[in-house]
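Notes follow the structure.
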Amino acid sequence: MENLIALLIAAPLLGAAVLLVGGRRLDAVGHWLGTLFAAVSFVIGLVLFADLLGKDAEDRTLTQHLFSWIPVEGFQADVAFHLDQLSMTFVLLITGVGSLIHLYSMGYMEHDERRRRFFGYLNLFLAAMLLLVLADNYLLLYVGWEGVGLASYLLIGFWQHKPSAATAAKKAFLVNRVGDVGLSIAIMLMFTTFGTFAFGPLLGTHEEPGVVTGASEATLTGIALMLLLAACGKSAQVPLQSWLGDAMEGPTPVSALIHAATMVTAGVYLIVRSAAIFNLAPDAQLVVTVVGAVTLLFGAIVGCAKDDIKKALAGSTMSQIGYMVLAAGLGPIGYVFAIMHLVTHGFFKAGLFLGAGSVMHGMNDEVDMRKYGGLRKYMPVTFITFGLGYLAIIGFPGLSGFFSKDKIIEAAFAKGGTEGWILGGCALLGAAITAYYMTRVMLMTFFGEERWKNQPTRSPEAPSAEPAAAQGGAAASGHAAAATGEPHPHESPKSMTIPMIVLAFGSVFAGGFFSIGDRFLHWLEPVTGHSHGHPPVSALTVTLATMVVLVIGVAVAYVQYGRRPVPVVAPRGSLLTRAARRDLLQDDFNHVVLVRGGEHLTRSLVYVDHTLVDGVVNGTAASVGGLSGRMRKLQNGYARSYAVSMFGGVAILIAATLLMRAV
Amino acid sequence: MSFPLLTATAVLPAIGAIATAAVPAARRDAAKVLALLFSLATLVLAIVVLVRFDPDGDRYQLTESRSWIAEFGVRYELGVDGIAVALIALTALLIPFIILAGWHDADPLETGNKRWRPTQGFFALILAVEAMVIISFEATDVFLFYIFFEAMLIPMYFLIGGFGDRAHQHGEETAATQRSYAAVKFLLYNLAGGLIMLAAVIGLYVVAGNFSLTEIAEARANGSLDMATNTERWLFLGFFLAFAVKAPLWPLHTWLPNAMGEATTPVAVLITAVVDKVGTFAMLRFCLQLFPEASKWATPAILVLALISIIYGALLAVGQRDIKRLVAYASISHFGFIIMGIFAMTSQGQSGATLYMVNHGISTAALMLVAGFLISRRGSRLIADYGGVQKVAPVLAGTFLIGGLATLSLPGLAPFVSEFLVLAGTFSRYPVIGIIATFGIVLAALYTLVLYQRTMTGPVKPEVAAMPDLRARELLVVAPLIAVLIFLGVYPKPVTDIVDPAVKQTLSDVHEKDPQPEVEAAK
């Protein structure tokens, strides 16, 4: 059974290799092959899942050692896998949602001439993501970690001919690299402190504590904070969140799979996986909760101000992952719920993105919600599935988000003390804002006036985000000017609606299924541990409070966007709105400090290198042997000068040798 | 007497050089094929060396020893340890690709050019460099090493000064002037370093009475050869300076961007991937073994210089407008990593540094040779002259990206393994330096991805619209290099197995032990 683990990764990896190296002769079948390889991986995942379920809760671990990867004196890294309940949960999410999105992409990318390559990249992503969650040591995890970063880079920049897409891809990679510095340093700290970075000896099992228990709290706090830095990069948490909004330049299936359901949640995986370290570093845990709380509000506020449907959803993703990070920072009170919310979020956010893609598909790739309106009549399936996702994310009673988010809010209060009140308050406030911005998205898109009538959806000078998915060959070539007529909204093909329906099922039922009899808790507890904390108020009170803020959020949005007509051109807005539209000015800060500052720095260094360093070294040489004048003479291009200098060199050599003989 | 395998490995390319040069001027293509065949035969011999070498055997193997200049104790002594074997294999592997990539670089220009462009000479010089580099890796006699360390400047000088890119944005006359300047600068920097080394070599002879690396190192180790502290330091500096120029280490690096910028890309690869490695190799072999105490004394200063190289080289790479100069500055950054790994004096650092030499050679070759194919199509080295190439030449763009990803040490590709080992090995002894150096990985991503974005993505520039994709010969150069990069990224064990014992011995020469983990792993 263990030997299947490698196959899980091998299937999509083989798919990526075949599709990317295979060349044009595979163009006709590439999308089928890619989807097949994803599905094979999902089936293997199911087989392994059944196997784990057949074992006792305490023994649900499979390991596979493939080969010794980097053996150097005192340093040992292996290619070995570790499958337990935590990684199993991810495997099913990644391959399950992954397969659905492959299916969806068959329809969505139908008109793209580079579709084969798209599926190759998607398969590459699956392989890297599976490696990330299955690695049994941090260095191998790192390979998956940057592997998904590479896949993300390739897919965000898939439409490379658009400068904005290429820039967004580069930005995502760079910001992630800053996080990767954290992961590198964390691994180096583990190596110098413990001599190993393998999960087994380091983190231990529930029976036998790992070596981390022997280290000082200061060291562990250092490691934990470095891991948090890595998590911030990958999971778009403040202060490394700025890349996620731009990442929406990628095709929408990519946004759904990578930038909503799976890759961006890798940071949460990293923290939960490293629970043994974080549990011993309370200061670091506090920082984790603060990052989570700040990001959940930050993302929610940004989500309120965006008119681009995908960017509004991106803000929401950031915010929801903030919830997960907050929960993960709470320690054993929150680990299980962080992962549970991660899974339900995987369903409803992927569903929402696919819905958004379906809307864009029917609207000539318009992304501006101000130019939507009243679409429920034209796209009933999209409307219903998107609507269920909407109800799930705002935490409508009985749907998935209700169970998972509520638990996190409870857990935040249960941390106890002032911290508990503050964190719980933030989580509640976030729930209100979530209800507000998601209602806003819903109303602007599916209800109200049909604002797209009697006007072209986009002007030629503002090309849309999704040229290749547009209808018709001309638009598929990538230049937006073709689609300037009035859009004719229509429902998307089956290959697109089926995945949306499946995900809607998950959005509705997953939370309830997980919560009945605490199924999810019992499943994951052997890996992460669990404690109830000290709830200052009863669970019912929290639930009621959540309901109240939910109603307030929905009501405010309804008054603003349901009762009044939505202006097609965005109003100027308050100072906060304008700041939120610009991602709360973080990009402006980055631009002024990092980009401009960096440009000045490199430009002056180029000057310094050319004049000063070169000059000083040459000058020193000159003062020693009068070489400077000779250098100048030699530049003027007389062949004789080279010859002289050449023979000079040789002569020196010979003279030196002769001198030796004479000594 | 057994077959002198090491001599044969070095002499074969030398014979190839002479044979290639002797081909009549009209039979240009025959000369190229001949050169390629000789480089492949050398590769076969290098593989034999690799196979015959026993990682767990004696320190120096396949040794040869003959009297040469008896009155001064200069001997013809050869022998290889694991580090040398790895680098000989790298050299022998890269030369056929360099020759193949430069197939048309030395063809006579059609349009009335007066300059002499001897095709035969170009390939003969490359083989001559190969011969000298290989014997430098093999020599265990200090004087023998010195001779070839210096002598390789001569063919390199002609390769840099005599052959440039076929098309040049500033016109052929300006190009020739810049080339000469670059060649002379290369020569003077290295000659100056070499002269200082010569003084140190003589000084060593005065102190030790012979030139044998093994004898002196052994005498140093068992205490029978004492050196006054100051003498040892001066001699160390004499050797180190020469190697630091060649490596090159900040602030002695400025010749490299000129040389790599003006030379044809295969020659640029020859410089950075092969010839410069002699510098870092020699630090490991000569500086550490002959002058262990002085090496430790100088370590803090060298580490700081290496750190400056890493960050400074990367920042300068970000600021470049010329593709080849960008790669040159990136190499300076990478050489910083190698030197840092050597002087961190840990097993991981030195094994990592050796592996880094191999991996950097292959990754730079991949990136630079594809860059060369790109430049030969458009006739410009300026980044701004490109844009949207991936649309018209996707395979070229794809291989360029993989070369770039290797340069930024993406996990899964070979350079990641060595870079992480160097960083971990440095961090375990010098945490602050290790942490600062780690930020080099962000800058590496920056210069690589900016280069890729500006040249390959965006709207297709009219000047590149008709650009053909990679040809069969070019693919034949790039594909194997990429395969090696992936293989060594996934399975570096064959190299680390060879290198590790040699590193262990080097560390014991300098009386250093790895720092032990604070908390012992419960196994």
ask   = With respect to A:Ile339, is the statement that it is open to solvent by 10 Å² or more (accessible area, probe 1.4 Å) and part of a helix (DSSP H, G or I) true?
value = no
The condition of being in a loop (DSSP other than H, G, I, E, B) and open to solvent by 10 Å² or more (accessible area, probe 1.4 Å) holds, among B:Leu241, B:Leu237, B:Leu252, only for B:Leu252
Over the stretch A:191-217, the set of residues within 9 Å of chain B (Cβ to nearest Cβ), open to solvent by less than 40 Å² (accessible area, probe 1.4 Å) and in a helix (DSSP H, G or I) is A:Phe191, A:Thr192, A:Thr193, A:Phe194, A:Pro201, A:Leu202, A:Val211, A:Val212
Flagged in the stretch A:391-449 as at negative phi, outside any helix (DSSP H, G or I) and not charged (D, E, K, R), in numbering order, are A:Phe396, A:Pro397, A:Leu399, A:Phe447
Original post:
Out of curiosity, is A:Leu150 surrounded by 24 or more Cβ atoms within 10 Å (Cβ to Cβ) and in contact (Cβ under 8 Å) with a residue 24 or more places away in the chain?
Top reply: no
Within the stretch A:76-114, of all residues that are at pLDDT 90 or above and within 14 Å of another protein chain (Cβ to nearest Cβ), the one most open to solvent (accessible area, probe 1.4 Å) is A:Gln76
* Is there a residue in the stretch B:49-70 that is within 24 Å of B:Thr496 (Cβ to Cβ), open to solvent by 50 Å² or more (accessible area, probe 1.4 Å) and among the aliphatic types (A, V, I, L, M)? -> yes
Given (1) open to solvent by 10 Å² or more (accessible area, probe 1.4 Å); (2) at the interface with chain B (Cβ under 7 Å from one of its Cβ atoms); (3) closer than 16 Å to B:Leu443 by Cα, A:Ser184 misses just (1)
Filtering the stretch B:34-48 down to residues that are closer than 18 Å to B:Leu100 by Cβ and open to solvent by less than 70 Å² (accessible area, probe 1.4 Å) yields B:Leu34, B:Ala35, B:Leu36, B:Phe38, B:Ser39, B:Ala41, B:Thr42, B:Leu43, B:Ala46
Residue hits (the stretch A:218-257; surrounded by fewer than 24 Cβ atoms within 10 Å (Cβ to Cβ) and of a type in the set (Val, Ile, Thr)) are A:Thr219, A:Thr221, A:Val238
Sole miss for B:Pro300 among (1) farther than 24 Å from B:Arg454 by Cβ; (2) open to solvent by less than 10 Å² (accessible area, probe 1.4 Å) is condition (2)
Checking A:Phe383, A:Phe348, A:Phe353 in turn, the sole residue that is in contact with a helix residue (DSSP H, G or I) (Cβ under 6 Å, 6 or more places away or on another chain), within 18 Å of A:Gly511 (Cβ to Cβ) and not assigned by the TED database to the domain that holds A:Pro239 turns out to be A:Phe348
Filter the stretch A:340-361 for residues that are hydrophobic (A, V, I, L, M, F, W, C) and in contact with a Pro (Cβ under 9 Å, 6 or more places away or on another chain); the one that is farthest from A:Ile516 (Cα to Cα) is A:Val359
Can you find even one residue in the stretch B:186-197 that is hydroxyl-bearing (Ser, Thr, Tyr) and over 24 Å from B:Thr63 (Cβ atoms)? yes
Checking B:Leu316, B:Leu288, B:Leu284, B:Leu303 in turn, the sole residue that is over 30 Å from B:Gly223 (Cβ atoms) and either within 14 Å of chain A (Cβ to nearest Cβ) or part of a helix (DSSP H, G or I) (or both) turns out to be B:Leu316
By my count, helices (runs of 4 or more DSSP H) wholly in the stretch B:349-462 with at least 2 residues that are within 7 Å of another protein chain (Cβ to nearest Cβ) are B:389-392, B:414-427, B:431-438, B:440-456
Can you find even one residue in the stretch B:4-16 that is at pLDDT 90 or above, open to solvent by less than 30 Å² (accessible area, probe 1.4 Å) and more than 30 Å from B:Ile216 (Cβ to Cβ)?
yes
* Using the structure shown, decide if B:Leu481 is over 25 Å from B:Val503 (Cα atoms), open to solvent by 30 Å² or more (accessible area, probe 1.4 Å) and in a helix (DSSP H, G or I). => no
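The values are calculated or read from the model by the stated rules, or taken from the named source; none is laboratory data. Predicted model, so just to flag it, every value in this text is computed and none were measured. Cβ atoms come from the backbone with ideal geometry, glycine included; neighbour counts cover every protein chain shown. Heavy atoms of the whole protein, side chains included, go into the accessibility calculation; ligands, DNA and RNA do not. Shrake-Rupley method; radii C 1.70, N 1.55, O 1.52, S 1.80 Å.
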